[in-house]
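The structure appears below as structure tokens.
The values are calculated or read from the model by the stated rules, or taken from the named source; none is laboratory data. Note that this is a predicted model, so its numbers are computed, not measured. Note that we place each Cβ from the backbone using ideal geometry, even for glycine, and neighbour counts take in every protein chain shown.
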Amino acid sequence: MFIIRWILGRLILLFNFIFAPAKPNHSSETQSKLDELTKNLKLYQYHACPFCVKVRRAIRRLGLNVELVDAKQEQHQQDLVNLGGRSMVPCLRIEEDGKVTWMYESSDIITYLEDLSSK
Ligand SMILES: N[C@@H](CCC(=O)N[C@@H](CS)C(=O)NCC(=O)O)C(=O)O
């Protein structure tokens, strides 16, 4: 089972590499504005998780710079469970006005990022 999952994960990464979405060509002004909007975001994720790949593709497609956090690392895994409430990835940590929100579900995260990038 582990081997099948490992192989599937590598295939997903390969297809993601071959069919990587194009990055938009933002002006430096637009990129600075987007960087300001995303500076307090962190995506807790696994490298080969299909739902995480889906979110990373959206991040690339939208031309955003979002810090990626490897949730396989023990400290990050603990933060995710203890502070976010679940071990599931992807999870977007959003810090706004000193308040932290942990957003689970890849589709919700993508909708959030799309809304953010259209501001
Ligand atoms: N419906 C979720 C599914 C996410 C999911 O199943 N993630 C897996 C990794 S591929 C996971 O974190 N499993 C461990 C857990 O649920 O604790 C989404 O779309 O984000």
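Select from the stretch 27-50 the residues that are outside any helix (DSSP H, G or I) and of a type in the set (D, E, K, R) and list them in ascending order. Before the answer, list the steps.
Step one: list which residues in the stretch 27-50 are outside any helix (DSSP H, G or I), which gives 27, 39-49.
Residues satisfying the conditions are K39, K42.
Run down V69, V53, V89 and say which single residue is in a helix (DSSP H, G or I) and under 11 Å from the mean Cα position of the chain (by Cα). Reasoning before the result, please.
Values: V69 fails: in a helix (DSSP H, G or I); V89 fails: in a helix (DSSP H, G or I).
Of the residues listed, the single one that is in a helix (DSSP H, G or I) and under 11 Å from the mean Cα position of the chain (by Cα) is V53.
Suppose we filter L113, L13 for residues that are part of a helix (DSSP H, G or I) and either within 23 Å of F2 (Cβ to Cβ) or of a type in the set (G, A, S) (or both); which single one remains?
Numbers: L113 fails: either within 23 Å of F2 (Cβ to Cβ) or of a type in the set (G, A, S) (or both).
After applying the criteria, what remains is L13.
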### Query
So which pairs qualify, if the first residue must be in the stretch 50-74 and at pLDDT 95 or above, the second must be of a type in the set (K, R), the Cβ gap must be under 7 Å, and the two must be at least 6 apart or on different chains?
R60/K23; G63/K23; E67/K42; V69/K42
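So, of the residues in the stretch 92-110 that are part of a strand (DSSP E or B) and within 14 Å of the ligand (Cβ to nearest atom), which turns out to be nearest to K33 (Cα to Cα)? Full working, then the answer.
Going through the stretch 92-110, the residues part of a strand (DSSP E or B) turn out to be 92-96, 99-104.
So of that shortlist, the ones also within 14 Å of the ligand (Cβ to nearest atom) come out as 92, 102-104.
Values: L92: 20, W102: 23, M103: 22, Y104: 25 Å.
Looking at the filtered set, the residue picked out is L92.
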